[in-house]
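As structure tokens, the structure follows; a few thoughts come after it.
Every number here is computed from the coordinates shown, using simple stated rules; none is lab data. On a predicted model such as this, the values are computed, not experimentally measured, just so you know. No Cβ is skipped: glycine too gets one built from the backbone with ideal geometry, and neighbour counts run over all protein chains shown.
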Amino acid sequence: MPVRIGRHLRCTLVRTREADHPLRALWRRYDAYRGRFVAAVAMSTLNKVADVVPELLIGAAVDVVVRGDNSFVGEVLGVDSRFAQLGWLAVINVVVWVVESLSQYVADVLWRGLAQGVEHDLRVEAYDHVQHLDLGWHETRPAGSTLATLNDDVNQLERFLDVGAPAILQTTLNVLLVGGVFAAASGQLLVLAFLPIPLIVVGSLVFQRRLEPLYARVRTAVADLSGTLSANLSGIATIKAFTAEDRERDRVSAVSQAYREANTAAIRSSAAFVPLVRMAILGGFTCTLLLGGWATLRGELEVGLYSVLVFMTQRLLWPLTDVAEVLDLYQRGRASASRILGLLEIPVTVPAGTATLARPVRGRIELRDVRAGYGDGPDVLHGLDLVVPAGETHAIVGATGSGKSSLLRLVLRFDDPRSGQVLFDGEDVRSLDWDSLRGSMGYVAQDVFMFAGSIADNIAYGRPGATREQVRAAAEAAAALDFIEALPDGLDTWVGERGVTLSGGQRQRLALARALLRDPAVLVLDEATSAVDNETEAAIQRSLKQATARCSAIVVAHRLSTVRHAHRIWVLDAGRIVESGTHDELVARDGAYAALWRVQTGEPVGR
Ligand SMILES: Nc1ncnc2c1ncn2[C@@H]1O[C@H](COP(=O)(O)OP(=O)(O)OP(=O)(O)O)[C@@H](O)[C@H]1O
């Protein structure tokens, strides 16, 4: 099965399939929240009903005052006294207000809980998916852009669920409840008061269509801005060193301006909707006020009912002015949902296998006719055959760009080869689960990363349950204990996110300690000692000799003195193995390795 290395830039996927509505897809994905959603809808419905009742009570009170003994309330309750009727109305009002307030509280808690639950789950799920995507994908996509999706887009969606969704529900309920009252009172007024609604609905649909691409543009602009900012902050030392501050400010300003323009365009369009809605509302309100008033004067409508209808028109129509804002939230939420789901749809191209290795893991690595490359680019490794028997230390050397790190990436299965096989203890690495494969390896990368935490935390990163003594022993084996103990808090010294308080060589030694503490079957070192001085390197070599007595090691090094004692040295040139053998054999052969050796040491060949 030919598989390609890395680079799966699938920005196109960030916009999900048109046919599948992102919010509907979200609904399907989070079925665990459906119960809470139904409860929130029920509570909002109760709240809305309780909200409409006081208006009816006002009408009833006017009816009591105007019609006295014949009032609607008097007939329903069988109470003659107007004072008693008003008293009853007051009691009902208090009960309704209590129900209204309580249901409002419960509905708020439910909606907010729902929104935050979905926000949390979605963020964690998206993050987890992102961390399983292959390394090549991460390398070709600005980290800031992924961050914008994980953070900003998830927040937008939360805002829609928290504010937008209940608002849509309340507006719909309003229309239904008030419509019911109007229908009971007067069919003609129902038609007139509701005339603006189709206009608003059609307007909403038209605006929604216009707004959709505008908000998609806003989300893309946010991702660009976030990507630029995060890249610049990571490269701040380079910006300073090359006095590029002004240039970078202009670049950030241009990206920020693009965001501003995208937002302005969206806001201009969505805000234009408000006056349209208001004009429609004015029409409906004027009809009820005038025609209802005239009907009351002609005696065709009760005064109490007229006052209810006027209040109701207010209640029905004014909340519709919020439709524009809700539409705005909806579109933002939809665009964000689309981006998050797009991220979740990106396939994991280097999935874990299911096989486990027999224990104890021996640590034999073999590459069989391996061809590999990045994305759609040319091959960078051309049919490599290489074996590292269990327990041996092998070195990979060669000019810069010859493919040494690419080879290590295949061993760790950061990428898969385009053809050929990588075998670990005889098993194809594609068939192994991560625990068997990477769990048996200790890796020190060229660019060492330290997490925010103490030195001890960083060393124990690959083996969280390690004892203090084990951490100290690993630090000692990596020739790191002396400098650690010289620090004010020793092993408890806090190192920043990137270990910026440490020198390059110190960081490398901590990374080595971290790898050794795992007690790996295979130690993979990519220029692990390039930043230490000769004396420290000699100390590390002595420790490594002990450490690698128990495991296999694949060591990439430019400094050939580092790998001189390896069991075998493989010389790479432009992605091909051109020589292999022990140091002495290779020097004796007087080929590429011998030439490199001479350049580095000035030693005459054959010595
Ligand atoms: N992530 C990547 N995406 C695309 N091409 C890459 C990537 N990493 C390396 N390459 C290319 O693959 C080739 C081999 O690079 P590699 O890093 O494996 O060489 P190397 O021998 O480790 O170099 P160095 O000694 O400088 O670390 C180079 O041509 C490089 O441009």
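Assorted remarks:
- Span from the segment 349-380 Cα centroid across to the segment 177-250 one, whole angstrom: 45
- Simple point charges give the picture: +1 on the Cβ of Lys and Arg, -1 on the Cβ of Asp and Glu, and for segment 75-178 a dipole about the Cα centre of about 360 debye.
- Relative contact order for segment 21-345: 29 percent, from Cα pairs under 8 Å spaced at least 6 residues apart, divided by residue count.
- Compared with the alpha-carbon gap, the fully stretched path from GLU345 to HIS565 is longer by 74.4 nm at 0.36 nm per residue.
- Computed from label points 7 Å out along Cα-Cβ, the spacing between SER256 and LEU290 is 5.2 nm.
- Radius of gyration and Dmax over the Cα atoms of segment 365-601, both given in Å: 17.8, 52
- Stretchable slack from ARG268 to GLU535, in nm (0.36 nm times residue separation minus alpha-carbon distance): 89.4 nm
- When only the Cβ of Lys, Arg, Asp and Glu is charged (+1, +1, -1, -1), the dipole of segment 365-601 relative to its Cα centre reaches about 140 debye.
- Label-reachable residues, segment 543-569, where backbone N falls under 16 Å from a point 7 Å from ALA399's Cα toward its Cβ: 558
- Segment 113-162 and segment 294-331 have Cα centres separated by 42 Å.
- Taken along the Cα-to-beta-carbon direction at a fixed 7 Å, the label points for ALA588 and ASP573 span 2.1 nm.
- Stokes-Einstein D (µm²/s) once Rh is taken as the Kirkwood radius of segment 380-504 over alpha-carbon pairs, at 37 °C in 0.692 mPa s: 192
- Geometric extent, Cα atoms of segment 198-308 - Rg, Dmax (angstrom): 26.1, 87
- Taking one quarter of the surface of the convex hull spanned by the alpha-carbon atoms of the chain gives a direction-averaged projected area of 37.3 nm².
- Here r is the Cβ-Cβ distance between ALA390 and ALA231 and R0 is 45 Å; the resulting FRET efficiency, rounded to 0.05, is 0.60.
- Degrees, to the nearest 10: 323-345 long Cα axis against longest axis of the chain: 30
- Reciprocal of mean inverse Cα separation for segment 472-535 (Kirkwood radius, Å): 12.2
- Since only VAL218, ILE197, GLY78 are under comparison, the one whose Cα sits farthest along the positive direction of the charge dipole of segment 21-345, derived from C-beta charges on Lys, Arg, Asp and Glu, is VAL218.
- Pairwise centroid distance, computed over Cα atoms, of segment 492-567 with segment 33-90, Å: 79
- Once the convex hull of all Cα atoms in segment 21-345 is built, its volume per residue stands at 152 Å³.
- Cα-centred dipole magnitude for the chain, charges only on beta-carbon of K, R (+1) and D, E (-1), debye, nearest 20: 860
- Stretchable slack from HIS132 to THR321, in nm (0.36 nm times residue separation minus alpha-carbon distance): 63.6 nm
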